[in-house]
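Since the structure comes first, as structure tokens, the remarks are kept for the end.
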Amino acid sequence: MSIQSQVWSGNKKIIAREETIINQYRKIYNRQSIPQDKQYWTMCGNLSDNNNNINHDSEYAQIIREGLIQPHQFKGVEIDETIYKRNKQVLPNIEIYQDDFFKTLNRQANQNQFKPAIVNADLINMPEIGAIYISKIIALLSMMPGEVMLVANLVLDSPYISPTRKKQDIDRFLVNLKNQHKFNAFKHHWNFNNECYKYAGNREHSRTSMGSYIFWK
């Protein structure tokens with residue numbers, strides 16, 4: 001799946017964010033918005049409409065509109081240079097970084113600038129690789145004081161993988177995660193369940209199945 005061809009504002013993605021981020025946070029912590037001194041970190045993707053305007057159905061616009069955060073609390077990370085530049089053009093006052101997501105979180109933590117309330121790890125990996133990446137994020141977040149919710153999004157099934165591996169198994173991610181040393185070392189800090197929010201991929205007619213898993217402490 002090409003990064004450039006992804007759609008971050010389709011109706012399925014909007015509903016998924018509502019159910020896996022906004023509603024989950026409010027249910028778990030019994031508050032409408034994150035604390036004023038905390039941050040919302042995400043793999044932000046394209047926040048523009050590709051015509052030098054803000055995309056009003058993007059993740060940033062949606063969570064601001066819903067009152068989950070204030071603009072200064074948004075921290076976006078985008079590894080693709082073209083998308084990063086588009087975002088900076090339409091949202092010059094928002095903190096957006098061009099780099100790998102985990103590297104950015106780790107660097108901010110080392111600089112004592114990392115104060116997450118919500119971390120949205122919107123990966124394009126299958127469960128096996130995704131489990132390795134998420135375990136690193138969980139280890140890092142475990143060392144951060146206070147409450148934090150992690151949303152882990154994975155590709156459950158894709159038409160581009162071989163038929164022998166083509167299996168819509170929502171347990172595969174958790175099985176792989178529980179085999180990770182970093183997860184096992186820090187899992188006692190976390191609450192999570194075996195539920196997976198499953199939804200179609202980020203194209204309106206996508207044959208890719210996505211899954212979201214919620215962890216919180």
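The values are calculated or read from the model by the stated rules, or taken from the named source; none is laboratory data. Model, not experiment: these values are computed from the prediction. Quick reminder, even Gly has a Cβ in these numbers, built from the backbone with ideal geometry, and neighbours come from all protein chains shown.
Points to keep in mind about this one:
- All positions within region 58-71 that are outside any loop (DSSP other than H, G, I, E, B) and in contact (Cβ under 8 Å) with a residue 12 or more places away in the chain: 59, 60, 61, 62, 63, 71
- Selection within region 158-194 - part of a loop (DSSP other than H, G, I, E, B), at pLDDT below 85 and not polar (S, T, N, Q): 159, 160, 161, 166, 167, 169, 170, 171
- If you go through region 81-100 and keep only what is touching a residue at least 60 places away in the same chain (Cβ under 8 Å) and buried (at least 19 other Cβ atoms within 10 Å of the Cβ), you end up with just 83.
- Filtered residues of region 33-46 (kept if under 17 Å from residue 16 (Cβ atoms), among the hydrophobic types (A, V, I, L, M, F, W, C) and in a loop (DSSP other than H, G, I, E, B)): 44
- Residues (in contact (Cβ under 8 Å) with a residue 40 or more places away in the chain, β-branched (Val, Ile, Thr) and surrounded by 19 or more Cβ atoms within 10 Å (Cβ to Cβ)) located in region 124-143: 124, 134, 138
- Residue list for region 112-127, restricted to those being at pLDDT 95 or above, touching an Asp or Glu at 6+ places or on another chain (Cβ under 9 Å) and assigned to a loop (DSSP other than H, G, I, E, B): 115
- In region 15-32, the qualifying residues are those that are part of a helix (DSSP H, G or I) and charged (D, E, K, R), and the one that is surrounded by the most Cβ atoms within 10 Å (Cβ to Cβ) is 17.
- Filter result for residue 5 (modelled with pLDDT of 95 or more and outside any helix (DSSP H, G or I)): no
- Candidates in region 89-111 are the residues that are assigned to a helix (DSSP H, G or I) and in contact with a strand residue (DSSP E or B) (Cβ under 6 Å, 6 or more places away or on another chain); of these, the one that is farthest from residue 151 (Cα to Cα) is 90.
- Test for residue 78: is it modelled with pLDDT of 95 or more, of a type in the set (D, E, K, R) and crowded, with 19+ Cβ neighbours inside 10 Å: yes
- Any chance residue 121 is surrounded by 22 or more Cβ atoms within 10 Å (Cβ to Cβ) and without any contact (Cβ under 8 Å) to a residue 60 or more places away in the chain: no
- Odd one out for residue 57, checked against (1) at pLDDT 95 or above; (2) over 21 Å from residue 114 (Cβ atoms); (3) of a type in the set (Asp, Glu); (4) under 17 Å from the mean Cα position of the chain (by Cα): (1)
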